[in-house]
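Remarks on the structure that follows.
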Amino acid sequence: MKWLSIVRVAVLALPLVITSCGSHRKVIQEPVKMTPEVRSKVDFLSSVKDNAQTAKFMTSKVKFSVEVGPQKLTLTGNLKMKRDDVIRLQLMAFGFVEAGRIEMTKDYVLIMDRINKQYLKAPWMSVDFLRNSGLNFNTIQALFWNELFRPNQVSQEKESRDSLASYGVIESGDDMIISLENGKMDYSWLVSKEAALIRMANILYKDRFNGNTQLNWDYDQFEKLNKSLFPRKHAISLTTPEKEVKLGMTLNYIGAETEWETRTEISNKYREVTVDEILRRFMAL
């Protein structure tokens, strides 16, 4: 497989691994009776929330590994995040040439294929598989920042105790399993009991007619960032009835650079493509 074709696999696969899940319904919350058991559960969930990062910026060199069926590759790149504003992934070919860029803000998703001079830029709500997933910018941000989230949440502001009580929590050895059901969607997190750190997030879309789709995000090798711990190693897998995509991200030289442009300007030399075109190419891989 030629190098440029391999890079194209990564450019197409990365955003779809992050954003491909199914439909949702609004969660209806009712007042919860604060029994001792519920209070203990809420206290633990509050500890998990308290472990959320306080850093405004996070930047890092990244080593990527991508598997789509039999096709495997490794790439280097950069991850740059500004909380509540932007998440940017840059993929490098040959270690120094930017081959692709994925930029997510509260307003849009941008996918740039620099090799073929084409791009997709669309508001979240205009893309079916984003609008129907319950995974808006804030929940995608929570996955990257290793935080607990609620589907369709507007921000990472502190939840009420009644809201926290709506999560399920069960003990599993040295870990706790946090869960939340939302229509056809099941959300779960594996959290270390002692440190209250999220070690895994799982999102399952249940479709008894077409088969289930599952996104799994594992976190490992935590190190200090600002006042909290942050995972250096991320292992992400998307399993659909048709194929499985695996993405590994290993962060090196984690920092908090602030001097970078948070929005990408698109040259008029680039051709705009549609979501359907991107999806067709991905499914043909």
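The values are calculated or read from the model by the stated rules, or taken from the named source; none is laboratory data. What you see is a predicted model; the values in this text were computed from it and never measured. Ideal geometry is used to build each Cβ from the backbone, glycine not excepted, and the neighbour counts take in all protein chains shown. To get the accessible areas, we keep the full protein, side chains included, count just its heavy atoms, and leave off ligands, DNA and RNA. Shrake-Rupley method; radii C 1.70, N 1.55, O 1.52, S 1.80 Å.
Please report, as a whole percent, how much of the solvent-accessible surface of region 197-245 comes from carbon and sulfur atoms (probe radius 1.4 Å). Could you put the intermediate results ahead of the total?
Numbers: 1140 of 2580 Å².
C and S atoms contribute 44 percent here.
For Glu259 and Arg161, compute 0.36 nm times the residue count separating them, minus their Cα-Cα distance, and round to one decimal in nm.
Here the answer is 31.5 nm.
Could you work out what % of the accessible surface of region 45-146 is carbon and sulfur, using a 1.4 angstrom probe and leaving DNA, RNA and ligands out of the count? Spell out each step's value before the answer.
Details: 1930 of 3670 Å².
Roughly 53 percent, rounded to a whole number.
Quick check for you: with a 1.4 Å probe and neighbouring chains kept, what is the accessible area per residue of region 161-252, in Å²?
Using a 1.4 Å probe on heavy atoms only, each residue of region 161-252 averages 48 Å².
Calculate, for Asp43 and Ser126, the FRET efficiency according to 1/(1 + (r/R0)^6) with r their C-beta to C-beta distance and R0 35 Å; round to the nearest 0.05.
The calculated FRET efficiency here is 0.30.
May I ask you to compute the full-extension gain from Lys206 to Ile266, defined as 0.36 nm times their residue separation minus their alpha-carbon distance, rounded to one decimal in nm? Mind dumping the intermediate values first?
Values: separation 60, 0.36 × 60 = 21.60 nm, distance 3.77 nm.
Full-extension gain reported as 17.8 nm.
Taking a cut-off of 19 Å between Cα atoms, list the lysines near Lys269, but don't count ones fewer than 8 places away on the same chain.
Lys117, Lys121
At 0.36 nm per residue, minus the direct Cα-Cα distance, what do Asn252 and Glu277 gain on full extension? Give it in nm, one decimal, please. Write down the numbers at each step before the final one.
Working: separation 25, 0.36 × 25 = 9.00 nm, distance 3.38 nm.
Stretched fully, the Asn252-Glu277 segment lengthens by 5.6 nm.
Under a straight-distance cross-link criterion of Cα-Cα below 18 Å, which lysines are reachable from Lys72, leaving out those fewer than 8 residues away in the same chain?
Lys2, Lys63, Lys243, Lys246
In whole Å, how far is the Cα centre of region 44-98 from that of region 177-237?
16
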